[in-house]
Amino acid sequence: MNLGSPIAKGNTAEIYLCKDCIVKVFNDCLPDTESSYEADKQTYAYSCGLAVPKVFDVTKINGKQAIVMEYIKGKTLGELLLEDRENAEYYLSLSVDIQQKLHQIIPDNLESMQEKLQHQIERSPLVGKWNKNYLIKKLHALTYENRLCHGDFHLFNLIMTDTGVSIIYWVDSTAGDIRADIYRSYLLYSQFSAELAEMYLQIYCEKSGLLKTEILQWAPIIAGARSAEGVSSGNSKLLLDIIHHYSPIKDYNWEVRL
């Protein structure tokens, strides 16, 4: 099957626009269950009544795993912000309204955030063994009510359409603590712009009544999990600095050269 040229490429897949559908074709190196794993999460989010692209099929194309889904026409809020930086507060406020809506959902049969974060921390090549133990112990000490968490919520995963905003990329969604989900967004923004990150966090706290300190308690855990994702050397240093700021253990993995 000839899909033409991809319209986007990521670390795990290539994206094609074909016959008014989006076709996500996964790289060969991934487990055979990767497409169904992601499609199931996206289908669940769709079933919750959220504005999410509908999954039409999970298949194989030219021997590779693929998901065929609804094409959402529009620009991401990230693209709109880059074109109109003076309205950054408006776009972030809009995104927070959407994030709060999904945080109200109590999920069932969705991957546990706690288990996902622990597995990421355990396989991180950057974090030393003592800090891995510290982070996992801290992770299990936190208590919370499970809510739907996107796991990669930022302006570039939100598409503005003629009828509203659609939320894409659900592979990292879990049942977990909304404060962790908020910090994850804050961390992603901080790697792009400290000013944007602080604006996002302030808006979320003002709209939700949450305290900044409640959210920041997740900082070392989310930084440790993020360090397993093959980030750049500059971001690796930032993540380790966050971990060692909160951790009483100055335990660097000296085998890692940043």
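Computed from the coordinates by the stated procedures, all read-outs in this text should not be read as laboratory data. Since this is a predicted model, take the numbers as computed values, not measurements. We place every Cβ from the backbone using ideal geometry, glycine too, and count neighbours over all the protein chains shown.
Side notes on the structure shown:
- Two-decimal ratio, segment 174-217, of alpha-carbon radius of gyration to 2.2 N^0.38 Å: 1.08
- Label-point separation, HIS245 to ASP28 (7 Å along Cα→Cβ), nm: 4.3 nm
- Normalised alpha carbon radius of gyration of the chain [divisor 2.2 N^0.38 Å]: 1.02
- Segment 129-189: projected area of the alpha-carbon convex hull, averaged over directions, in nm²: 5.3 nm²
- For a straight C-alpha distance cut-off of 24 angstrom, the lysines reachable from LYS24 (same-chain residues fewer than eight places away being disregarded) are LYS9, LYS41, LYS54, LYS60, LYS64, LYS73, LYS75, LYS116.
- Set of aspartates and glutamates near LYS101 by C-alpha distance (under 17 Å), chain-local residues within fewer than 8 positions excluded: GLU145, ASP152, ASP177, ASP181, GLU206
- With a simple spin-label model that places each label point 7 Å from the Cα along the Cα-to-Cβ direction, the separation between LEU142 and ARG85 comes to 3.2 nm.
- Partners for LYS237 among aspartates and glutamates (Cα-Cα distance below 15 Å; same-chain residues under 8 apart left out): GLU229, ASP251, GLU255
- Rounded to the nearest 20 debye, dipole of segment 8-70 from Cβ charges on Lys, Arg, Asp, Glu: 120 debye
- Note on segment 75-246: dipole from Cβ charges, positive end direction compared against TYR183, ALA194, HIS140; the farthest Cα belongs to HIS140.
- Candidates TRP130, TRP170, TRP218, ranked by Gaussian network fluctuation over the chain, Cα under 10 Å, top entry: TRP130
- Segment 80-187: GluC sites (Glu not before Pro) falling in loop per DSSP and having at most 12 other Cβ within 10 Å: GLU145
- Taking max minus min of the alpha-carbon positions on each principal axis, segment 4-139 gives extents of 51, 45, 31 Å, largest first.
- Diagonalising the gyration tensor over the Cα atoms of segment 97-242 and scaling each eigenvalue by 5 before taking the square root yields semi-axes of 24, 18, 15 Å, largest first.
- Dipole magnitude for segment 75-246: about 780 debye, using +1 per Lys or Arg Cβ and -1 per Asp or Glu Cβ, origin at the Cα centre.
- Positive-pole candidate from LEU80, ALA39, GLN114, dipole of the chain, charges at beta carbon: GLN114
- Two-site label geometry, THR163 and PHE192: point separation in nm, points 7 Å out along Cα→Cβ: 2.6 nm
- Rg and Dmax [Cα atoms of segment 166-258; Å; Rg one decimal, Dmax integer]: 14.0, 43
- Debye log10 I(q)/I(0) for segment 8-70, one point scatterer per Cα, at q = 0.14, 0.19 Å⁻¹: -0.37, -0.68
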